[in-house]
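What follows is one structure encoded as structure tokens, with my remarks underneath.
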Amino acid sequence: MQRVRTLFLSDIHLGTRACQAGHLLEFLRDHPAEQTYLIGDIIDFWAMHRGICWPPSHNTVIQKLLRRARHGERIVFIPGNHDEVLRDYVGHSFGGIEVQDEAIHETADGRRLLLIHGDIFDQVTRHHRWVAVLGDVAYTQLVRLNLWLSWVRRKLGRSGYWSLAGYAKRKVKTALNFIFDFEDSAIRHARERGLDGVVCGHIHWAAIKDIDGLLYVNCGDWVDSCTAIVEHFDGRLELRSWGARLPAALPAPAPAESAATAAGAILKARR
């Protein structure tokens, strides 16, 4: 267990079968913090319109966050596009959890970072919602297929976690171009605000990098890579991955639709 100054989490997608809530609970138990920022797509209302999946572990995540808030930890919830209905409650507090449209976080070493989900940097999500929804459906199937493939890899003695979605994003030029454009747009926005960097989510692509002298940080997700950002008490930011801790049990098989999985990699990257 390691106490940290700040936790940054995004794209948990509670309410979906793909959500790795069990691993998130392990991570939260191992990382008590002074403050936690939930940077969007925490609850997936998009997916729940198609069918609700809410096992006990999802409820436990909510209860654990509420308990941490009651015990004095500052919890800030910044809605994303999948939980955009909660943007109507910006300025309110629920069980000690503050709802904000965005936040400015000052690290222990004095850097001022914009905290925002990031869908405003995604032109597909903003202007072509139906494409984003299609990509979301395909991406969900891709992640479910990835669980099956990971089980097969372990049976064949292949060690380590391998992400099919991540592989597609690295190999598909369209996906890579979108990621780079997204990062540049986020950094440009932070620069215009006179800030030292940005912490966001949305594209499920965890990173900490310097771009033209500013800090770009992406939290990743808790449906595929199981990643988060922690701030230590000296202000240092670190990417933590829980991705290696995948379930040993065989998951229910997902349909192997090659067209959907390929589209999911591209369309999810574009949203």
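Nothing in this text is a laboratory measurement; each read-out follows from the coordinates by a stated rule. Keep in mind it's a predicted model, so treat the numbers as computed, not measured. Please note: Cβ atoms are built from the backbone with ideal geometry, for glycine as well, and neighbour counts cover all protein chains shown.
Mind running the shape call on the range 1-134? Use the C-alpha gyration tensor, a ≥ b ≥ c as the square roots of the eigenvalues: rounded below 1.5 for a/c, prolate if a/b tops b/c, oblate otherwise.
On the way: a/c = 1.83, a/b = 1.23, b/c = 1.49.
It is oblate, given that a/c is not under 1.5 and a/b is not larger than b/c.
Could you give the dipole magnitude of the range 182-238 about its Cα centre, charging the beta-carbon of Lys and Arg +1 and that of Asp and Glu -1, in debye to the nearest 20?
In debye, rounded to 20, the range 182-238 gives about 140.
What's the exposure ranking of Glu73, Glu106, Glu231, Glu192, going from fewest to most Cβ atoms within 10 Å?
Glu192, Glu106, Glu73, Glu231
By counting other Cβ atoms within 10 Å of each Cβ, how are His23, His92 ranked from fewest to most?
Fewest-to-most Cβ neighbours within 10 Å comes out as His92, His23.
Subtract the Cα-Cα distance of Ser93 and Arg3 from 0.36 nm times their separation in residues, and report this length gain in nm to one decimal.
Here the answer is 29.9 nm.
Rounded to two decimals, what is the ratio between the C-alpha radius of gyration of the range 44-108 and 2.2 N^0.38 Å? Can you show the working numbers first?
Details: Rg = 13.4 Å, N = 65, 2.2 N^0.38 = 10.7 Å.
Rg over 2.2 N^0.38 Å, computed on Cα atoms: 1.25.
For Ser241, Ser10, what ranking results if the residue with the fewest other Cβ atoms within 10 Å of its Cβ goes first?
Ser241, Ser10
Can you figure out the FRET efficiency of Arg191 with Asp234, using R₀ = 22 Å and their beta-carbon distance, to the nearest 0.05?
Computed FRET efficiency for Arg191 and Asp234: 0.30.
Given 0.36 nm per residue, what is the gain on full extension from Cys53 to Ile208 after removing their alpha carbon distance, in nm?
Result: 52.6 nm gained on full extension.
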